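Structure first, commentary second.
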Amino acid sequence: MKHLLKLEGMSKEAILEILSSTKNIKASRGANEIKPLNAQTWAMIFTKSSTRTRVSFEVGIRELGGSVMFLNANDMQLGRGEPIKDTARVLGRMVHGAVIRTYAQSDIEEFANLSNIPTINALTDDEHPCQILTDIFTFQEARGPIQGKVVTYIGDGACNVPLSWIHAASTLDFELRIAAPAEFQPNNEILAKAKGNISCTEDIQSAVDGTDMVYTDVWVSMGMESEKEERLNKLANYQINQELLSLAKPNALVMHCLPAYRGKEIDEDTFEANAETIFTQAENRLHTQKAILTWLAS
Ligand code: CP
Ligand code: NVA
C-alpha cells in the first residue's frame with residue numbers, strides 16, 4: 001500500500017517518477033488521458049481551510065476517472081471526538097483513498113496505518129509534501145534540473161513548507177538556505193537529521209546572494225493565529241522586495257505557495273512582477289496532484 005505522507009525519507013526514485021509524470025500529465029490534459037481512478041471514490045477530510053489544495057485534488061480526482069467527496073472534519077463525528085483510528089477503519093471499508101489536511105502528522109500516519117487505503121498528506125503542521133513537489137516541478141519547468149541550484153527560503157523557517165523543503169534538498173542535491181529569525185528557524189533535531197547542503201541564517205542578504213530561487217510563505221500559518229501580532233513584528237524584516245532581489249541571480253525565480261499577504265512576506269510590486277511564475281506554480285498543483293494520484297494507483 002503506497003501513501004504520500006511526507007517528503008522525509010521518500011525515495012529519490014519515487015520523487016523523480018512523480019516529477020516526470022507531472023510533465024506528461026500536464027502536456028496531455030484533456031487528450032487521451034488515462035483514468036487510473038476509474039470506479040473509485042476518494043474522500044477529502046480537511047480540518048483546515050484550503051483553496052488550491054482542495055480544488056486541485058477535487059478536479060484531479062475527477063479528471064482521473066474517480067468520484068470525490070469533500071468532508072469538513074468539523075462536520076464529521078471526528079469533530080465531536082470520535083477517534084481517528086475509528087474514522088480510518090470506517091472510511092477504509094467504504095472509499096478507495098483519502099486526502100487529509102489537519103494539524104498533527106501523527107493523525108495522518110495513524111489514518112494511513114489503520115484505513116488500509118492510499119492516504120495523502122494535504123498539509124500538516126510538519127509537512128506540505130504535495131506543495132513542494134509542485135514547486136520543484138515548477139522550478140524545473142522554467143530553469144531545468146534543480147540539482148546543484150540554490151533555493152532560498154525567507155520568513156517563518158519552522159513551518160510545514162520549509163520543513164518539506166529541507167527533506168527535498170536532502171534527497172535531490174540542491175543547496176537550501178533558510179533566512180529566518182533564530183526563533184523561527186527549524187529545530188536542531190530536524191537539521192541534524194537532514195543530509196546535504198542546508199543552512200540557516202538571520203542574514204537575509206547573504207541568504208539571497210547569487211540564489212536561483214527566492215521563496216516565501218505566510219508568516220502566520222494556520223493554527224498560529226494567537227501569535228499573529230508577535231509574528232508580524234518579529235518577521236517584519238524578512239520581506240521579499242525588489243531591493244533584496246537585486247542580490248539574487250538576475251533570472252532568479254520568485255515563488256510563493258499562496259495565499260499571499262502583500263506588504264508582509266512579499267511586497268505588492270514584487271508579487272505582481274512575479275505573478276506569472278506564482279500562478280503557474282498554483283496551476284501546477286493540479287498536474288502534480290494527478291501525478292501523485294497516478295503514482296499511488298500504480
Ligand atoms: N498552497 C496551498 O496549499 O494553498 P491552500 O491552502 O489554498 O490549499
Ligand atoms: N504554512 C502555511 C501554508 C499554507 C498553504 C500554513 O500552514 O498555513
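Among the residues making up the range 273-290, a single one is touching a Leu at 6+ places or on another chain (Cβ under 7 Å), surrounded by fewer than 24 Cβ atoms within 10 Å (Cβ to Cβ) and not hydrophobic (A, V, I, L, M, F, W, C): THR277. If you go through the range 196-216 and pick out every residue that is surrounded by fewer than 19 Cβ atoms within 10 Å (Cβ to Cβ) and within 22 Å of LEU7 (Cα to Cα), you end up with 3.
Out of the residues in the range 40-59 that are more than 13 Å from ligand 2 (Cβ to nearest atom), in contact with a Ser or Thr (Cβ under 8 Å, 6 or more places away or on another chain) and not polar (S, T, N, Q), which is nearest to LEU123 (Cα to Cα)? Out of the qualifying residues, it is ILE45. Filtering the range 60-78 to residues that are farther than 18 Å from MET94 by Cα and either within 16 Å of ligand 2 (Cβ to nearest atom) or in a loop (DSSP other than H, G, I, E, B) (or both) leaves only LEU64. Among the candidates ILE136, ILE132, ILE45, ILE120, the residue that is buried (at least 21 other Cβ atoms within 10 Å of the Cβ), farther than 20 Å from ALA14 by Cα and within 16 Å of ligand 1 (Cβ to nearest atom) is uniquely ILE45. From the list ASP107, ASP86, ASP126, which residue is of a type in the set (D, E, K, R), within 16 Å of ligand 1 (Cβ to nearest atom) and either within 27 Å of LYS23 (Cα to Cα) or not in a strand (DSSP E or B) (or both)? Of ASP107, ASP86, ASP126, the one residue that is of a type in the set (D, E, K, R), within 16 Å of ligand 1 (Cβ to nearest atom) and either within 27 Å of LYS23 (Cα to Cα) or not in a strand (DSSP E or B) (or both) is ASP126.
Counting residues in the range 45-56 that are farther than 19 Å from HIS128 by Cα and modelled with pLDDT of 95 or more gives zero. Residue selection: VAL214 fails the criterion of being within 16 Å of ligand 1 (Cβ to nearest atom) and either at positive phi or not in a helix (DSSP H, G or I) (or both). Against the test of being among the charged types (D, E, K, R) and crowded, with 17+ Cβ neighbours inside 10 Å, the options ARG89, ARG52, ARG62, ARG80 yield a single qualifying residue, ARG52.
Every residue, every condition in (1) loosely packed, with under 13 Cβ neighbours inside 10 Å; (2) in contact with a helix residue (DSSP H, G or I) (Cβ under 6 Å, 6 or more places away or on another chain); (3) outside any helix (DSSP H, G or I), yes or no:
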{"residue": "VAL218", "(1), (2), (3)": "no, no, yes"}
{"residue": "GLU229", "(1), (2), (3)": "yes, no, no"}
{"residue": "ASN237", "(1), (2), (3)": "yes, no, yes"}
{"residue": "LEU247", "(1), (2), (3)": "no, yes, yes"}
{"residue": "PRO250", "(1), (2), (3)": "yes, no, yes"}
{"residue": "PRO259", "(1), (2), (3)": "yes, no, yes"}
{"residue": "PHE271", "(1), (2), (3)": "no, no, no"}
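Evaluate the following for LYS193: is it among the basic types (Lys, Arg), surrounded by fewer than 21 Cβ atoms within 10 Å (Cβ to Cβ) and within 29 Å of ALA104 (Cα to Cα)? In short, yes.
Counting the residues of the range 262-297 that are touching a residue at least 40 places away in the same chain (Cβ under 8 Å), out of contact with any Cys (no Cβ under 9 Å at 6 or more places or on another chain) and closer than 19 Å to HIS128 by Cα gives 11.
The values are calculated or read from the model by the stated rules, or taken from the named source; none is laboratory data. Everything quoted here is computed from the prediction, not taken from an experiment. FYI the Cβ positions are ideal-geometry reconstructions off the backbone, even for glycines, and counts take in every protein chain you see.
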